[in-house]
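A short write-up of the structure that comes next.
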Amino acid sequence: MPREHDVHAPVSEPAGFPRGDELPAIVRRVETVCPYCGVGCGLVLNLSARGEIVQVDDVPYHPSSEGMLCVKGRFGVGFVHSPQRLTTPLLRRRRGEPLEPVSWDVALDYVADQLVRYRDAFAAIGTAKATNEDGYVLQKFARAVMGTNNVDHCARLCHSPSVAAMMEMLGSGSATNSYADFEQAGCLMVVGADPDSNHPVIAARLRTGIERGARLVVVNPKYIRLCDLADVWLCPRPGTDVALFNGLAWIALQEGLWDEAFVRTHTTGFDLWRAHLTPYTPVNVARVTGVPEEALRAAARLFARPARGGSCLIWGMGITQHTRGTANVQALVNFALLTGQLGKPGSGLAPLRGQNNVQGCSDMGVLPDHLPGYQGLGPEARAKFEQAWGCSLPAEPGLPLTEMMEAAARGELKAIYLCGENPILTEPNAAHVREGLSRLECLVVQNILPNETMELAHVVLPAASFAEKDGTFTNSERRVQRVRQALVPPGQARPDWEITCDLARRVAQRLGRPAHGFHYTHPAEIFAEIAALVPFLAGISYTRLEAGGIQWPCPTPDHPGTPRLFTAGFPDRRARFQPVDQGLPAAELPDRDYPLLLNTGRVLYHWHGGDLSRQVTGLTALYPAVEVAIHPADAAAHGVADGDRVRLTSRRGELLATARVTEAVQQGELFVPFVRLAEGAANFLTNNVYDPRVKIPEYKVCAVRLARA
Ligand code: SF4
């Protein structure tokens with residue numbers, strides 16, 4: 001099926017990119033992938049003769065999106081035409097002076113000189129917005145040229161606990177099923193996620209499953225739209241998820257709902273784990289979580305014994321963004337193993353990935369402790385990559401993203417190559433992050449648009465957007481899909497992979513190292529190298545992807561891809577139960593000075609911090625100001641009415657927002673989205689404390705006080 005072709009007839013539908021009364025004629029259509037979230041919807045960019053995106057269409061029969069797009073995919077890609085796009089390299093020669101336009105040679109030579117100087121105190125930060133090829137080249141540069149594993153990306157901030165727990169317990173850190181399983185399931189348990197806001201096409205597919213007979217259990221401290229359809233809504237106190245899932249497992253065992261054959265055949269560690277569950281009786285769990293015993297029992301029964309097919313466990317950042325994030329995911333996986341809800345149609349574990357290519361960026365090894373394909377840093381894996389890349393590789397794990405920020409604040413990092421991210425908005429405790437980054441001797445910001453972090457940059461490198469380059473993204477169901485160039489990058493902007501290769505050659509030359517691994521002429525060559533080194537991608541090529549996306553593992557060129565993992569059990573070993581205890585709900589809880597609990601998340605009309613979506617007039621018009629959800633009792637206690645301007649203050653900063661009085665949040669709890677609009681952002685308030693295992697911040701719980709502004 002051709003993916004790019006001429007279209008001579010103009011279309012009559014409204015554009016979503018209003019630029020006057022006349023809709024320009026569409027002359028070309030390019031099929032690609034949505035740049036917003038990890039659902040990975042197929043979309044078609046309709047282009048005018050002047051090279052503008054006139055309209056976005058869905059892709060009928062697309063296996064992930066089935067012809068659907070949400071508001072961001074259909075109307076939100078206008079950011080590529082933003083007048084604010086970065087179009088030329090910029091250099092700040094001295095502190096306090098402005099950034100000034102320079103040539104690529106001047107910018108990259110300056111950066112290369114600085115990186116050589118600070119190569120023992122260097123880190124690279126990638127972005128899950130970029131392609132697999134961009135990510136692969138970035139981590140290769142960090143490891144093979146700079147000699148460090150200090151390379152990471154924003155998966156650290158969303159699903160690093162899911163990856164760690166699932167890798168340890170199952171041997172794979174990705175979703176075990178496909179979206180199609182949601183439509184075949186007998187029970188859908190949606191935990192700490194709000195798909196209608198964050199992954200709307202998934203929400204639609206969940207509704208299809210419900211229409212076909214699936215029962216729905218929602219686990220969320222906030223009332224979300226899916227609660228309207230839920231058979232059971234469990235509303236636990238924030239930070240009590242381990243107790244909740246240990247309690248569900250206790251009930252499944254006590255009521256004989258568990259899958260003994262599955263447990264005996266496919267798992268290890270059951271007896272030890274079972275002994276650990278003793279205290280998690282329904283009475284105790286109800287007391288800790290606030291969830292009534294009968295609701296716990298109803299949820300356990302629905303999930304463990306679905307009326308048809310299997311049960312899917314679907315979760316989001318409400319589980320992971322805690323100091324106990326890894327423990328939370330371990331408790332979920334234990335419950336799925338106990339009930340045998342893996343590997344069969346309509347079952348499986350599905351962490352809903354955030355950014356469009358967060359799965360792929362992890363697959364590419366943009367991680368401080370894994371080479372591409374999760375191949376670790378052991379001697380065997382290093383030897384394989386050393387031979388392929390013609391260099392020696394560092395063995396010591398590098399710094400995770402959140403520790404890079406702390407190391408910068410301590411003055412231990414001197415140079416950061418920051419591709420596509422905006423840590424001042426996305427890391428917790430924004431003031432602390434700003435202070436740390438401002439101590440760097442060399443901050444290189446490579447991006448498509450200006451952002452808050454760029455204000456501290458020494459060098460800015462203009463990058464091409466998703467619509468201006470070729471490559472691949474991998475979505476939440478492990479589907480590798482082609483991203484196709486539809487437009488010429490503006491000004492001097494270049495694809496990330498090309499910039500990184502150019503920089504790598506210059507640094508390698510200064511260090512007297514070979515740079516032969518950085519002379520690619522097209523991303524297809526990069527992907528071929530990836531496929532040669534990563535066994536689960538070995539059967540995928542650009543040629544095959546022309547016929548549509550392929551779900552990994554795909555080990556050989558004639559392999560069709562793998563929609564569902566573990567259909568024949570666990571190939572290399574048994575799955576492991578992992579005993580896990582509740583512990584403290586959070587590092588910071590409400591007290592007399594900061595009496596309310598703040599929860600954070602996303603909204604439908606923006607993506608996360610809003611770097612892209614706030615460039616789109618239509619989206620910002622739909623959600624123009626940061627809103628804080630307040631329970632009516634708390635609003636009354638603080639003299640706040642719906643629509644009032646309010647000030648939230650934590651121990652780390654403050655935020656002005658518009659009050660939205662609603663019973664969607666519980667009394668004593670507030671909710672603010674991450675997006676930064678005029679008023680500031682949630683991360684001025686959040687707490688820079690971390691899960692000890694994977695270093696994810698505790699975005700979901702901190703203590704604040706509320707006052708009318
Ligand atoms: Fe894009 Fe996600 Fe919306 Fe699909 S659901 S159109 S991938 S933002």
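Please count how many residues of the stretch 621-660 are within 16 Å of the ligand (Cβ to nearest atom) and open to solvent by 30 Å² or more (accessible area, probe 1.4 Å). Reasoning before the result, please.
Residues of the stretch 621-660 within 16 Å of the ligand (Cβ to nearest atom): 622-623.
With the extra rule that they be open to solvent by 30 Å² or more (accessible area, probe 1.4 Å), the set shrinks to 622.
Adding up the residues that qualify gives 1.
Take the stretch 611-647 and flag every residue that is farther than 15 Å from T658 by Cβ and touching a Phe, Trp or Tyr at 6+ places or on another chain (Cβ under 8 Å).
L612, S613, Q615, V616, G618, L619
Limited to the stretch 293-340, what total is found for residues that are touching a helix residue (DSSP H, G or I) at 6+ places or on another chain (Cβ under 7 Å) and not aliphatic (A, V, I, L, M)?
Total meeting the criteria: 19.
Taking the stretch 174-201, which residues are away from the ligand (no atom under 16 Å from the Cβ), open to solvent by less than 10 Å² (accessible area, probe 1.4 Å) and of a type outside the set (A, V, I, L, M, F, W, C)?
Listed by number, the residues that qualify are S174, T176, N177, D181, G186.
Got at least one residue in the stretch 598-620 being open to solvent by less than 20 Å² (accessible area, probe 1.4 Å) and over 23 Å from G192 (Cβ atoms)?
yes
Could you grab me the full set of residues in the stretch 289-302 that are exposed (fewer than 15 other Cβ atoms within 10 Å of the Cβ) and outside any loop (DSSP other than H, G, I, E, B)?
Restricting attention to the stretch 289-302, the residues satisfying the condition of being exposed (fewer than 15 other Cβ atoms within 10 Å of the Cβ) are 292, 294.
E294 - this is the single residue of the stretch 289-302 that is exposed (fewer than 15 other Cβ atoms within 10 Å of the Cβ) and outside any loop (DSSP other than H, G, I, E, B).
What residue, among those in the stretch 348-374 that are in a helix (DSSP H, G or I) and within 14 Å of the ligand (Cβ to nearest atom), is nearest to T472 (Cα to Cα)?
At the first step, the residues of the stretch 348-374 found to be in a helix (DSSP H, G or I) are 358-363.
Filter once more, keeping what is within 14 Å of the ligand (Cβ to nearest atom): 358-360.
Details: V358: 12, Q359: 11, G360: 8 Å.
Restricting to residues being in a helix (DSSP H, G or I) and within 14 Å of the ligand (Cβ to nearest atom), the top hit is G360.
Could you give me the residue pairs with C-beta distances under 6 Å whose first residue belongs to the stretch 202-219 and is more than 16 Å from the ligand (Cβ to nearest atom) and open to solvent by 10 Å² or more (accessible area, probe 1.4 Å), whose second residue is at pLDDT 95 or above and not small (G, A, S) wherever it lies, and which are 6+ apart or on separate chains?
Here the result reads I210/L216; I210/L229; R215/C187; R215/D231; R215/L302, each pair linking the stretch 202-219 to a residue that is at pLDDT 95 or above and not small (G, A, S).
Mind counting the residues in the stretch 435-453 that are over 18 Å from V106 (Cβ atoms) and either of a type outside the set (D, E, K, R) or in contact with a Cys (Cβ under 6 Å, 6 or more places away or on another chain) (or both)?
Final tally of qualifying residues: 10.
May I ask you to list the residues in the stretch 199-216 that are out of contact with any strand residue (DSSP E or B) (no Cβ under 7 Å at 6 or more places or on another chain) and of a type outside the set (A, V, I, L, M)? Please lay out each step first, then the result.
Of the stretch 199-216, the ones out of contact with any strand residue (DSSP E or B) (no Cβ under 7 Å at 6 or more places or on another chain) are 200-205, 207-208, 211-213.
P200, R205, R207, T208, E211, R212, G213, listed by residue number.
Restricting attention to the stretch 114-129, and to residues there that are open to solvent by 10 Å² or more (accessible area, probe 1.4 Å) and of a type in the set (A, V, I, L, M), which single residue is farthest from the chain's Cα centre (by Cα)?
Once the filter is applied, the top-ranked residue is V116.
Would you say P101 is in contact with a Pro (Cβ under 8 Å, 6 or more places away or on another chain) and open to solvent by less than 20 Å² (accessible area, probe 1.4 Å)? If you could, list the steps in order and put the result at the bottom.
Values: in contact with a Pro (Cβ under 8 Å, 6 or more places away or on another chain): yes; open to solvent by less than 20 Å² (accessible area, probe 1.4 Å): no.
No; evaluated as a whole, the condition is false for this residue.
Can you pull out the residues in the stretch 389-443 that are among the hydroxyl-bearing types (S, T, Y), within 27 Å of L90 (Cβ to Cβ) and not in a helix (DSSP H, G or I)?
Passing the criteria: Y417, S438.
P35 - would you say it is buried (at least 22 other Cβ atoms within 10 Å of the Cβ), in a loop (DSSP other than H, G, I, E, B) and at pLDDT 95 or above?
Values: buried (at least 22 other Cβ atoms within 10 Å of the Cβ): yes; in a loop (DSSP other than H, G, I, E, B): yes; at pLDDT 95 or above: yes.
Here the answer is yes, as P35 does meet what is asked.
Counting only residues that are closer than 29 Å to I202 by Cβ and either open to solvent by less than 30 Å² (accessible area, probe 1.4 Å) or among the charged types (D, E, K, R) (or both), how many does the stretch 370-405 have? If you could, list the steps in order and put the result at the bottom.
The first filter runs over the stretch 370-405 and keeps only residues closer than 29 Å to I202 by Cβ, leaving 370, 372-374, 400-402.
Add one more test, that the residue is either open to solvent by less than 30 Å² (accessible area, probe 1.4 Å) or among the charged types (D, E, K, R) (or both), and what stays is 372-373, 400-402.
Final tally of qualifying residues: 5.
Residues R439, R482: which one is under 26 Å from P35 (Cα atoms), open to solvent by 20 Å² or more (accessible area, probe 1.4 Å) and of a type in the set (K, R)?
On the way: R439 fails: under 26 Å from P35 (Cα atoms).
Only one candidate passes the filter, namely R482.
Quick one: M454 ticks every box in (1) part of a helix (DSSP H, G or I); (2) surrounded by 24 or more Cβ atoms within 10 Å (Cβ to Cβ) except a single one, so which number is it?
Failing condition for M454: (2).
The values are calculated or read from the model by the stated rules, or taken from the named source; none is laboratory data. In this text, all values refer to a predicted model and were calculated from it rather than measured experimentally. Reconstructed Cβ throughout: ideal geometry from the backbone, glycine too, with neighbour counts over all protein chains shown. Note: accessible area is taken over every heavy atom of the protein model, side chains too, but ligands, DNA and RNA are not part of it. Shrake-Rupley method; radii C 1.70, N 1.55, O 1.52, S 1.80 Å.
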